[in-house]
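Peer 1: Can you read through this structure? Questions will come right after.
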Amino acid sequence: MPTAGRLAGAIIFALFGWYMAGISVPFFPSEIAPDYWLPASSFISLLIGWRICGTRAGRGYREAIGIGLTAAAAMAFCLVFALAFNRMIDNALRMRYDGPMDAIANIFYEMLEFGAYFFDLQLIVTLLVGGVVCAWITEYFGKNYP
């Protein structure tokens, strides 16, 4: 059921995902980000804002801090997983794996590799602080417009 909190969470996290994708482009290897990075980041962030932050809106600003940190961590995990899964599909189509279990295990190796690329203090702080601010905005709309 759509509520103002879910809608606000979806919109604000989609904008935040777009912003985070824009500032994370220089961290890609050889400075070439995938073509799908900006829209995929925005879409995944929209879903996280709707499902994680929007459903919990209206509980108070203190709880919104934890919700924002949870949403930020989920955003980071899902985006790195999407990058790794896409690379696994590319490698699988080029027949670089011995079997399906090798391909699935490689997803987690690729996630560690992409996580190492994005391991920057300024980027991590921006993600965490932005997640909390987005959760506070979602909380405002969830509490004032039920």
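Peer 1: If you check Pro100 against the conditions, is it exposed (fewer than 15 other Cβ atoms within 10 Å of the Cβ), within 16 Å of the chain's Cα centre (by Cα) and over 14 Å from Gly17 (Cα atoms)? Lay out the reasoning, then the answer.
Peer 2: Values: exposed (fewer than 15 other Cβ atoms within 10 Å of the Cβ): yes; within 16 Å of the chain's Cα centre (by Cα): no; over 14 Å from Gly17 (Cα atoms): yes.
When the stated conditions are applied, Pro100 does not pass them.
Peer 1: Please determine whether any residue of the stretch 3-17 is hydroxyl-bearing (Ser, Thr, Tyr), in contact with a helix residue (DSSP H, G or I) (Cβ under 6 Å, 6 or more places away or on another chain), surrounded by 15 or more Cβ atoms within 10 Å (Cβ to Cβ) and over 12 Å from Ala135 (Cα atoms).
Peer 2: Kept after step one, since they are hydroxyl-bearing (Ser, Thr, Tyr), are these residues of the stretch 3-17: 3.
From what is left, the residues that are in contact with a helix residue (DSSP H, G or I) (Cβ under 6 Å, 6 or more places away or on another chain) are none.
No: the stretch 3-17 contains no residue that is hydroxyl-bearing (Ser, Thr, Tyr), in contact with a helix residue (DSSP H, G or I) (Cβ under 6 Å, 6 or more places away or on another chain), surrounded by 15 or more Cβ atoms within 10 Å (Cβ to Cβ) and over 12 Å from Ala135 (Cα atoms).
Peer 1: Give the residue, chosen from Ile65, Ile104, that is in contact (Cβ under 8 Å) with a residue 24 or more places away in the chain, over 21 Å from Leu38 (Cβ atoms) and of a type in the set (A, V, I, L, M).
Peer 2: Within the list Ile65, Ile104, the selection yields Ile65.
Peer 1: So, one more: Considering only the stretch 1-21, how many residues are more than 20 Å from Ala73 (Cβ to Cβ) and without any contact (Cβ under 8 Å) to a residue 40 or more places away in the chain?
Peer 2: Residues that pass the stated criteria total 3.
Peer 1: Please count how many residues of the stretch 4-19 are farther than 12 Å from Cys53 by Cβ and at pLDDT below 95.
Peer 2: Residues flagged as farther than 12 Å from Cys53 by Cβ and at pLDDT below 95 within the stretch 4-19 amount to 1.
Peer 1: Could I ask something else about it? Gly58 is checked against (1) within 27 Å of Glu110 (Cβ to Cβ); (2) out of contact with any Leu (no Cβ under 8 Å at 6 or more places or on another chain) and fails just one. What number does that condition carry?
Peer 2: (1)
Peer 1: Can you name every residue in the stretch 107-146 that is surrounded by fewer than 13 Cβ atoms within 10 Å (Cβ to Cβ), of a type in the set (Phe, Trp, Tyr) and in a helix (DSSP H, G or I)? I'd like the intermediate steps shown before the answer.
Peer 2: To start, the set of residues in the stretch 107-146 that are surrounded by fewer than 13 Cβ atoms within 10 Å (Cβ to Cβ) comprises 108-109, 112, 116, 119, 121-122, 125, 144, 146.
If we keep only those that are of a type in the set (Phe, Trp, Tyr) too, we end up with 108-109, 119.
Residues satisfying the conditions are Phe108, Tyr109.
Peer 1: Take the residues in the stretch 36-61 that are in a loop (DSSP other than H, G, I, E, B) and surrounded by 15 or more Cβ atoms within 10 Å (Cβ to Cβ); name whichever of them is nearest to the chain's Cα centre (by Cα). Talk me through it step by step, then tell me what you get.
Peer 2: Of all residues in the stretch 36-61, those in a loop (DSSP other than H, G, I, E, B) come to 36, 57-60.
Then keep just the ones that are surrounded by 15 or more Cβ atoms within 10 Å (Cβ to Cβ); that gives 57-58.
Numbers: Ala57: 19, Gly58: 22 Å.
My answer is Ala57.
Peer 1: Can I ask one more? Every residue in the stretch 21-39 that is closer than 24 Å to Val125 by Cβ and either modelled with pLDDT of 95 or more or not aliphatic (A, V, I, L, M) (or both), please. Talk me through it step by step, then tell me what you get.
Peer 2: If we filter the stretch 21-39 for residues that are closer than 24 Å to Val125 by Cβ, which is where we start, we get 21-29, 31, 33, 37-38.
Within the stretch 21-39, Gly22, Ser24, Pro26, Phe27, Phe28, Pro29, Glu31, Trp37 qualify.
Peer 1: Also: Listed residues Ala33, Ala84; which is farther than 18 Å from Ile137 by Cα, without any contact (Cβ under 8 Å) to a residue 40 or more places away in the chain and outside any helix (DSSP H, G or I)? Can you show your working first?
Peer 2: On the way: Ala84 fails: outside any helix (DSSP H, G or I).
Sole residue among the options that is farther than 18 Å from Ile137 by Cα, without any contact (Cβ under 8 Å) to a residue 40 or more places away in the chain and outside any helix (DSSP H, G or I): Ala33.
Peer 1: Evaluate the following for Pro29: is it under 12 Å from the mean Cα position of the chain (by Cα) and surrounded by fewer than 18 Cβ atoms within 10 Å (Cβ to Cβ)?
Peer 2: On the way: under 12 Å from the mean Cα position of the chain (by Cα): no; surrounded by fewer than 18 Cβ atoms within 10 Å (Cβ to Cβ): yes.
The answer is no for Pro29.
Peer 1: Sticking with this structure for a sec: Taking into account only those residues within the stretch 66-90 that are surrounded by fewer than 16 Cβ atoms within 10 Å (Cβ to Cβ) and among the aliphatic types (A, V, I, L, M), which is modelled with the lowest pLDDT?
Peer 2: Among them, the one singled out is Ile89.
The values are calculated or read from the model by the stated rules, or taken from the named source; none is laboratory data. The model shown is predicted, which means the values in this text are computed figures rather than measured ones. Cβ sites come from the backbone with ideal geometry, for glycine too, and all protein chains shown count toward neighbours.
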